[in-house]
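Colleague: I am attaching a structure below and will ask some questions about it afterwards.
The values are calculated or read from the model by the stated rules, or taken from the named source; none is laboratory data. Bear in mind that the values here come from a model prediction, so they are computed numbers and not experimental data. Note that each Cβ is placed from the backbone with ideal geometry, even for glycine, and that neighbours are counted across all protein chains shown. Note: accessible area is taken over every heavy atom of the protein model, side chains too, but ligands, DNA and RNA are not part of it. Shrake-Rupley method; radii C 1.70, N 1.55, O 1.52, S 1.80 Å.
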Amino acid sequence: MTLRTRPPAASGPRATTHRLRTLRYSRFRRFLIGQSTSLLGTGMNTIGTTFAVLQMPGGGAGTVGVVMAARILAVLAVLLLGGVFTDRLGARAVMLTADLLRFTAQGALAVLLLTHGARVWEAVVLAVVLGVGEGGFSPGLTALVPGLVPADDLADANSLLQIAQAVASVAGPGLAGLLITVSDAGTVVAVDAVTYGVSILALAGLPLSQSATPRQGLVADLGRGWREFTSRTWLWVTTLHIGLFNCVLWAPFLVLGPALAQQRLGGASAWGLVLALYGIGSIGSGLALLGRNPNRALVWSVAASLGWALPAAALAARLPLGWVAAAALLAGAGAAVCNTLVTTVVQREMPAEVRGRVSAFDSLGAFALGPLGLALAGPVSDVVGADRLLGLGVVWQLTAVGVILALPSVRRHGTR
């Protein structure tokens, strides 16, 4: 089994052209520009909204949690509806509507903040609107990309989108902090609204596609999507794997990591370095994937998810900052491989008329347990200890990957 399955590309300019050949397609270029801009705004938004809520009358850490929870719950609540309407109306139409909602929500919050009239309840309501837009937009990503590039270039297209997300995760918070320093949180939220406007323009320039899926009623449509999802063992097993990972390992890492960094690694700057190297690892791995079409893609995807265990293991073992940072770099690299390849397999193997619904069930299963893990990480660590909780998550991840790789359905799918 080898990752390089195409003939080796030449070195120098020809190699670069080979790796970026997906950018030849004007529709994908347009979408990539819009999505990259939107992701950068999203990377800025968490910092901007957090500081904005803290400065509101009655604002505080608990209030920030309420606003964030309202957004996440709204995303989860509408994911399945987003999948149904994506398959009924076409991905572009639903994604445009979703971006209009996000643009409106962030634009309204920016106006309230810049006029110093924002109140907490308004931030909560607009967070719900933003979450509805995000939940409607998400299923369309899996459904839209196969119509923008040939099947042979899907992996490269997904790699470029993964790189854009990683760049935004590194650059977004930094830009937000800089804008807050020279201006205020309202400016950050306003910039986020503008980025959604750029995404709207990009989507509006794509050809309108109408789905051929017959409408059988909402329940029947969801039932068809559920049957397509559950009939493929490799799909529901890998979704369950990511969902439990988010709850058991990654949520405790995100909750406990900053506190452990403060105690042992040097504080907020050390934790910022860890997160930045995670993003850099994802960027580097995404670039390495360009121009490659790996055999046994699903096996590579599941194996790469082992990388997420490394930074938690380094913290649990009380290793110094250099080791934790290196582990985060490898975890980011694994994340890019895992996310890119599993998305490509789903796009290639799902019938076009159900991609939206299958993607919605996939996303719901992958992230529904995340909030529970975030809520329980602190109380459970008080009982068993932070190091032990992280160590248990690492053991879970190693065991789960081994079990999943032993399944014939996983080993068979994603093979060229």
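Colleague: Check off (1) at pLDDT 90 or above; (2) open to solvent by 10 Å² or more (accessible area, probe 1.4 Å) for Ala386 and give me the number that stays unchecked.
Modeller: (1)
Colleague: Is it fair to say Arg88 is surrounded by 18 or more Cβ atoms within 10 Å (Cβ to Cβ), touching a residue at least 40 places away in the same chain (Cβ under 8 Å) and of a type in the set (D, E, K, R)? Full working, then the answer.
Modeller: Values: surrounded by 18 or more Cβ atoms within 10 Å (Cβ to Cβ): yes; touching a residue at least 40 places away in the same chain (Cβ under 8 Å): yes; of a type in the set (D, E, K, R): yes.
The answer is yes for Arg88.
Colleague: For segment 351-383, what are the residues that are over 17 Å from Thr238 (Cβ atoms), of a type in the set (A, V, I, L, M, F, W, C) and open to solvent by 40 Å² or more (accessible area, probe 1.4 Å)?
Modeller: Within segment 351-383, Ala352, Leu372, Leu374, Ala375, Leu376, Val380, Val383 meet the criteria.
Colleague: If you scan segment 291-314, which residues turn out to be crowded, with 20+ Cβ neighbours inside 10 Å and either out of contact with any helix residue (DSSP H, G or I) (no Cβ under 8 Å at 6 or more places or on another chain) or farther than 25 Å from Val403 by Cα (or both)?
Modeller: The answer is Gly291, and nothing else.
Colleague: In segment 151-171, what count of residues is obtained for those that are over 14 Å from the mean Cα position of the chain (by Cα) and of a type outside the set (A, V, I, L, M)? Spell out how you get there, then give the answer.
Modeller: Just the residues of segment 151-171 that are over 14 Å from the mean Cα position of the chain (by Cα), to begin with: 151-157, 171.
From the residues that got through so far, the ones that are of a type outside the set (A, V, I, L, M) too are 152-153, 156.
Going through segment 151-171 one residue at a time, the tally reaches 3.
Colleague: Sticking with this one: Somewhere in segment 266-273, is a residue touching a Ser or Thr at 6+ places or on another chain (Cβ under 9 Å) and either open to solvent by 10 Å² or more (accessible area, probe 1.4 Å) or in a helix (DSSP H, G or I) (or both)?
Modeller: At the first step, the residues of segment 266-273 found to be touching a Ser or Thr at 6+ places or on another chain (Cβ under 9 Å) are none.
Within segment 266-273, none of the residues are touching a Ser or Thr at 6+ places or on another chain (Cβ under 9 Å) and either open to solvent by 10 Å² or more (accessible area, probe 1.4 Å) or in a helix (DSSP H, G or I) (or both).
Colleague: Would you say Val189 is free of Cβ contacts under 8 Å to residues at least 40 places away in the same chain, out of contact with any Asp or Glu (no Cβ under 6 Å at 6 or more places or on another chain) and either of a type in the set (A, V, I, L, M) or buried (at least 23 other Cβ atoms within 10 Å of the Cβ) (or both)? Steps first, answer last, please.
Modeller: On the way: free of Cβ contacts under 8 Å to residues at least 40 places away in the same chain: no; out of contact with any Asp or Glu (no Cβ under 6 Å at 6 or more places or on another chain): yes; either of a type in the set (A, V, I, L, M) or buried (at least 23 other Cβ atoms within 10 Å of the Cβ) (or both): yes.
For Val189, the condition - free of Cβ contacts under 8 Å to residues at least 40 places away in the same chain, out of contact with any Asp or Glu (no Cβ under 6 Å at 6 or more places or on another chain) and either of a type in the set (A, V, I, L, M) or buried (at least 23 other Cβ atoms within 10 Å of the Cβ) (or both) - is not met.
Table: residues versus (1) at pLDDT below 90; (2) open to solvent by less than 40 Å² (accessible area, probe 1.4 Å).
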| residue | (1), (2) |
| --- | --- |
| Val53 | yes, yes |
| Val66 | yes, no |
| Thr97 | no, no |
| Gly117 | yes, yes |
| Val128 | no, no |
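Colleague: Hey, Ala333 hits all of (1) closer than 30 Å to Asp152 by Cα; (2) open to solvent by 60 Å² or more (accessible area, probe 1.4 Å); (3) free of Cβ contacts under 8 Å to residues at least 60 places away in the same chain but one; which does it fall short on?
Modeller: Every listed condition holds for Ala333 apart from (2).
Colleague: Further, regarding this structure: Take Gly378 and decide whether it is in a helix (DSSP H, G or I) and within 26 Å of Phe229 (Cβ to Cβ).
Modeller: On the way: in a helix (DSSP H, G or I): yes; within 26 Å of Phe229 (Cβ to Cβ): no.
Criteria not met by Gly378.
Colleague: Could you count how many residues in segment 44-69 are part of a helix (DSSP H, G or I), in contact (Cβ under 8 Å) with a residue 40 or more places away in the chain and more than 23 Å from Ala168 (Cβ to Cβ)?
Modeller: The number of residues fulfilling the criteria is 2.
Colleague: A further question follows. Would you say Arg29 is open to solvent by 50 Å² or more (accessible area, probe 1.4 Å) and modelled with pLDDT of 85 or more? Walk me through how you get there before you give the answer.
Modeller: Details: open to solvent by 50 Å² or more (accessible area, probe 1.4 Å): yes; modelled with pLDDT of 85 or more: yes.
When the stated conditions are applied, Arg29 passes them.
Colleague: On the given criteria, is Ser169 open to solvent by 50 Å² or more (accessible area, probe 1.4 Å), in a helix (DSSP H, G or I), touching a residue at least 24 places away in the same chain (Cβ under 8 Å) and closer than 30 Å to Leu289 by Cβ? So that I can check it myself, show each step before the final result.
Modeller: Numbers: open to solvent by 50 Å² or more (accessible area, probe 1.4 Å): yes; in a helix (DSSP H, G or I): yes; touching a residue at least 24 places away in the same chain (Cβ under 8 Å): yes; closer than 30 Å to Leu289 by Cβ: yes.
In short, yes.
Colleague: Tell me yes or no: at least one residue of segment 398-406 is outside any loop (DSSP other than H, G, I, E, B) and modelled with pLDDT under 90. Give the derivation first.
Modeller: Restricting attention to segment 398-406, the residues satisfying the condition of being outside any loop (DSSP other than H, G, I, E, B) are 398-405.
So of that shortlist, the ones also modelled with pLDDT under 90 come out as none.
No - not one qualifying residue is present in segment 398-406.
For every residue, the table says whether it meets (1) closer than 30 Å to Val358 by Cα; (2) crowded, with 23+ Cβ neighbours inside 10 Å.
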position	(1), (2)
Ser38	yes, yes
Thr49	no, yes
Pro57	no, no
Gly83	yes, yes
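For (1) closer than 25 Å to Ile163 by Cα; (2) among the hydrophobic types (A, V, I, L, M, F, W, C), each residue gets a yes or a no:
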site: Val237; (1), (2): no, yes
site: Ile242; (1), (2): yes, yes
site: Cys247; (1), (2): yes, yes
site: Trp250; (1), (2): yes, yes
site: Leu256; (1), (2): no, yes
site: Gln262; (1), (2): no, no
site: Gly266; (1), (2): no, no
site: Ser269; (1), (2): yes, no
site: Ala276; (1), (2): yes, yes
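Colleague: Does Arg355 fit the bill of being within 25 Å of Gly147 (Cα to Cα) and assigned to a helix (DSSP H, G or I)?
Modeller: On the way: within 25 Å of Gly147 (Cα to Cα): yes; assigned to a helix (DSSP H, G or I): yes.
Yes; evaluated as a whole, the condition is true for this residue.
Colleague: I'd like the full set of residues that are crowded, with 20+ Cβ neighbours inside 10 Å and of a type in the set (Val, Ile, Thr), limited to segment 212-238. Spell out the reasoning first.
Modeller: Within segment 212-238, the subset crowded, with 20+ Cβ neighbours inside 10 Å is 213, 221, 225, 229, 234-235, 238.
Residues satisfying the conditions are Thr213, Thr238.
Colleague: Of the conditions (1) assigned to a helix (DSSP H, G or I); (2) small (Gly, Ala, Ser); (3) in contact with a Leu (Cβ under 8 Å, 6 or more places away or on another chain), Ala118 satisfies every one except a single condition; which number is it?
Modeller: Status for Ala118: all satisfied but (1).
Colleague: Tell me, please, whether a residue that is among the basic types (Lys, Arg) and crowded, with 23+ Cβ neighbours inside 10 Å can be found in segment 101-109.
Modeller: Going residue by residue through segment 101-109, those that are among the basic types (Lys, Arg) are 102.
Now restrict to residues that are crowded, with 23+ Cβ neighbours inside 10 Å: 102.
Yes; the residues of segment 101-109 include at least one that is among the basic types (Lys, Arg) and crowded, with 23+ Cβ neighbours inside 10 Å.
Colleague: Which condition breaks for Pro146 when tested against (1) surrounded by fewer than 24 Cβ atoms within 10 Å (Cβ to Cβ); (2) under 16 Å from Val194 (Cα atoms); (3) of a type outside the set (S, T, N, Q)?
Modeller: For Pro146, the failing item is (2).
Colleague: What are the residues in segment 172-191 that are of a type outside the set (Ser, Thr, Tyr) and either on the phi > 0 side of the Ramachandran plot or not in a helix (DSSP H, G or I) (or both), if any?
Modeller: If the condition is that a residue be of a type outside the set (Ser, Thr, Tyr) and either on the phi > 0 side of the Ramachandran plot or not in a helix (DSSP H, G or I) (or both), then Asp184 is the only one that fits.
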